[in-house]
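Structure record follows, encoded as structure tokens.
The values are calculated or read from the model by the stated rules, or taken from the named source; none is laboratory data. Note that the coordinates shown come from a computational prediction; the quantities given were computed from them, not determined experimentally. No Cβ is skipped: glycine too gets one built from the backbone with ideal geometry, and neighbour counts run over all protein chains shown. Surface accessibility is based on the protein's heavy atoms, side chains included, excluding ligands, DNA and RNA. Shrake-Rupley method; radii C 1.70, N 1.55, O 1.52, S 1.80 Å.
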Amino acid sequence: MEAVNGRFGIHGGQYIPETLMNAVKELENAYNHYKNDPQFNAELTELLNEYANRPSRLYYAKKMSEDLGGAKIYLKREDLNHTGAHKINNVLGQALLAKKMGKTRLIAETGAGQHGVATATAAALMGMECVVFMGEEDTKRQALNVYRMRLLGAEVIPVTSGTATLKDAVSEAMREWTNRIDDTHYCLGSVMGPHPFPTIVRDFQAVISKEIKEQIMEKEGRLPDAVIACVGGGSNAIGTFYNFIEDEGVRLIGCEAAGRGIDTYETAATVNTGTVGIFHGMKSYFCQNEYGQIAPVYSISAGLDYPGVGPEHAYLHDIGRAEYVPVTDDEAVKAFEYLSRTEGIIPAIESSHAIAYAMKLAPQMDSEQIIVVTVSGRGDKDCAAIARYRGEDIYA
Amino acid sequence: MRRISEAFNRSKKVFIPFVTCGDPDLDTTKAIVREMAANGADIIELGIPFSDPTAEGPVIQEANIRALSNNITTDDVMDMVAELRNDVDVALVFMTYANVVFSYGIERFVSRCAEIGIDGIILPDVPFEEKREFDDVCQKYQVDFISMIAPTSEDRIDMIAREARGFIYVVSSLGVTGERSQINGDIASLVDRVRLNTDVPCAVGFGISTPAQAAQMAGISDGAIVGSAIVRMIAKYGKNAPAEVGRYVKSMKEAY
């Protein structure tokens, strides 16, 4: 669906300081111009294909499908993209757009570090300055990605305010943008924030479902019965869903990080436990208390450890088009290990939430049915943390 | 609402101090408000704490955390204002974030404001394009929804100014709240452009801490707003802050 005045149903909008309003208007105008510009699109396609390794594979996970004994499972291998996750799709689009707008500096927030790494990568490639804000807690959980960003020439600023996680990194990136607008583009990493970001990021990630559709038609001659992706802010999920929204026979399933369970306070499952609110530039669902104070959420996954969800997901939930299911830390870790052993693919702990739900769903379906699961990123970055979860210190 | 226009009519150049409610506790906030009023504050900005104040610099962010760690709620702040209104007649405006108002229920929030004697509401994350949802209710209850204008507003100034009520909060600089040694923006031309569109007065905020800065900003507008410098004082003196804040307000007002 297209946002009307930046709204998806009641969600979305532009709840930001007046200081930033002309900047988001400028961005919206530039995007509306370049999205229909053949040269811009040719340059972006070239970058996606030659640099980022698109199209990504749609891999039939035969062993996993047979082991689970139900639906045929295909994996959309975004983990094979350059930099190891779907984040690069959006970043190349936004960096190219920023460059066309005459910006010379990219700032970004990052949770797990994948968006930060992708932004640092694009900045290096395009000769732009780059500053990444990352919660101090996350710089510890994802030390490898901090080093990668620095290696790529970016400055990484650890954020100590609030819960020192993704939410605070977004707040700090927004503050920095109000401080320096002229030469700076805020390269937001998910389908969230003020309009036009949810639309821009979705459009750049929609390549995922565009490819899935072509690839599954070629392999199976029909559409899948369900597509599954993990949801934090929701960028790989909206990318996975977008070209199937009109195909009502395709179930759209988003997997939220339930942390220690949706009946505990240690959860980040926004659609399952949150209420409508206004934060980080948008109206959407948020984990918050009765007075609107944003909750300190929790997930083992730094990339899903966010108290909100993109406005288009909130809308897809409201109209019942997409389902949002909770997946706990424990289920995700088991799926992380399962896919590694069964298919020889180590998924990101974020993506493992989607794998975990596919493991539950597939056995309930018959062998004629098809599930596509997006493996949004690779899991190398998570090995130390998962080992720790299992009581092992691999650096000891 | 009435008290805001009276303040500008009476003082010509107003002084608007800010305090985060519940930092370090509500009794201290009450004493601070009384000291501010007694020492010449024309309008007082009362911050309702929010967990993630994205327009604030570190000083006010920390005040929000201190207040929330005391479990201060929106209802506690409303009750405090109701009590203050027994003896304080200065104009009072709330400064908070959209989600605090939205989660309380916009109509419930604004009607309670009117009941306890709050004259205006400032929401830094609600720009012109999103204000209808809040402003319509504010108008119904005769509470002024305060508009903001920034150095980057440019061609937006006209439409914002034409619909402004109470006063216009002119943001002096880019970035978030916090003291600045120098304020570089061309604020006079922002104010001039506002005046082409409306008679609603302008008060300048962000970055002001010294009497000289306040006098300079009030000189080119209708008043000055000071937040972080006062909040820093409260962080330093804690429960003993009211007298210090009173003396500071007096010195700022005397510099005009």
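Structure notes:
- Positive-end residue of A:145, A:157, A:170, charge dipole of the range A:132-177 with Cβ unit charges: A:145
- Computed over protein heavy atoms with a 1.4 Å probe, the carbon and sulfur contribution to the accessible area of chain A reaches 49%.
- Solvent exposure, largest accessible area first (probe 1.4 Å, DNA, RNA and ligands not counted), of A:341, B:108: A:341, B:108
- Hull shadow area, averaged, the range A:245-327 [alpha-carbon convex hull, nm²]: 5.6 nm²
- Long pairs among A:25/A:283; A:213/A:381; A:35/A:87; A:140/A:283; A:99/A:140, criterion Cα-Cα beyond 21 Å: A:213/A:381; A:140/A:283; A:99/A:140
- Loop sites in the range A:273-334: GluC sites (Glu not before Pro), DSSP, at most 15 other Cβ within 10 Å: A:290
- For the protein assembly as shown, DSSP calls about 20 percent of its internal beta bridges antiparallel.
- Around the amide H of residue A:156, modelled in the peptide plane, lie the amide H atoms of A:132, all under 5 Å away and 5 or more residues distant in sequence or on another chain.
- Based on protein heavy atoms only, the range A:11-78 ends up with 44 Å² per residue of surface accessible to a 1.4 Å probe.
- Counting only Cβ charges, +1 for Lys and Arg and -1 for Asp and Glu, the dipole size of chain A around its Cα centre is about 500 debye.
- Helix screen, chain B: no DSSP H segment has Cα axial length of 20 Å or more and mean Kyte-Doolittle hydropathy at least 1.6.
- Per principal axis, descending, Cα span of the range A:267-396 in whole Å: 47, 44, 20
- For the range B:150-155, backbone phi angles converted through the Karplus equation (6.51, -1.76, 1.60; θ = phi - 60°) give residue-by-residue couplings of 10, x, 8, 5, 6, 5 Hz, Gly and Pro being listed as x.
- Think of a 1.4 Å ball rolled over the protein heavy atoms: chain B then has 36 Å² of accessible area per residue.
- Interface size, chains A and B: roughly 2800 Å² of accessible area buried, both sides included, 1.4 Å probe, rounded to the nearest 100.
- Size of electric dipole in the range A:118-163: Cβ of Lys, Arg +1 and of Asp, Glu -1, about Cα centre, debye, nearest 20: 160 debye
- Rounded Å value of the spacing that divides the Cα centres of the range A:248-264 and the range B:215-256: 50 Å
- Cα gyration tensor of the range B:1-147 - equivalent ellipsoid semi-axes, whole Å, descending: 20, 20, 15
- Cα-based Rg / Dmax (Å) for the protein assembly as shown: 25.8, 83
- Gyration tensor (Cα) of chain B, equivalent ellipsoid semi-axes in angstrom: 24, 22, 17
- Residue of A:21, A:134, A:359 that the Gaussian network model of chain A assigns the largest fluctuation, springs spanning Cα pairs under 10 Å: A:21
- The 1.4 Å probe gives accessible areas that order A:115, A:33, largest first, as A:33, A:115.
- Here the range A:186-207 and the range A:323-396 have alpha carbon centers that stand 25 Å from each other.
- Across the range A:148-159, rounded Karplus estimates of 3J(HN,Hα) from the backbone phi angles (6.51 cos²θ - 1.76 cosθ + 1.60, θ = phi - 60°) give 4, 4, 5, 4, 7, x, 8, 8, 9, 10, x, 9 Hz, Gly and Pro being marked x.
- Listed values for the range A:192-200 are Karplus-derived 3J(HN,Hα) couplings in whole Hz (6.51 cos²θ - 1.76 cosθ + 1.60, θ = phi - 60°), namely 9, x, x, 3, x, 4, x, 6, 4, and x replaces Gly and Pro.
- Peptide-level mean, for B:47-56, of C-beta atoms on other protein chains within 10 Å: 6
- Check: the range B:1-107 dipole with +1 on Lys, Arg Cβ and -1 on Asp, Glu Cβ, in debye: 540 debye
- Whichever lysines have a C-alpha closer than 25 Å to that of residue A:219, once near sequence neighbours (fewer than 8 apart) are set aside: A:62, A:63, A:72, A:76, A:210, A:360
- Options A:71, A:48, A:308, ranked by Cα towards positive dipole end of chain A, top entry (Cβ charges): A:48
- Candidates B:249, B:50, B:143 compared by Cα position along the dipole of chain B: farthest toward the positive end lies B:249, with charges placed on Cβ.
- Taking 23 Å as the straight-line reach from the Cα of residue B:12, the lysines in range (excluding those fewer than 8 positions away in the same chain) are B:250, B:253.
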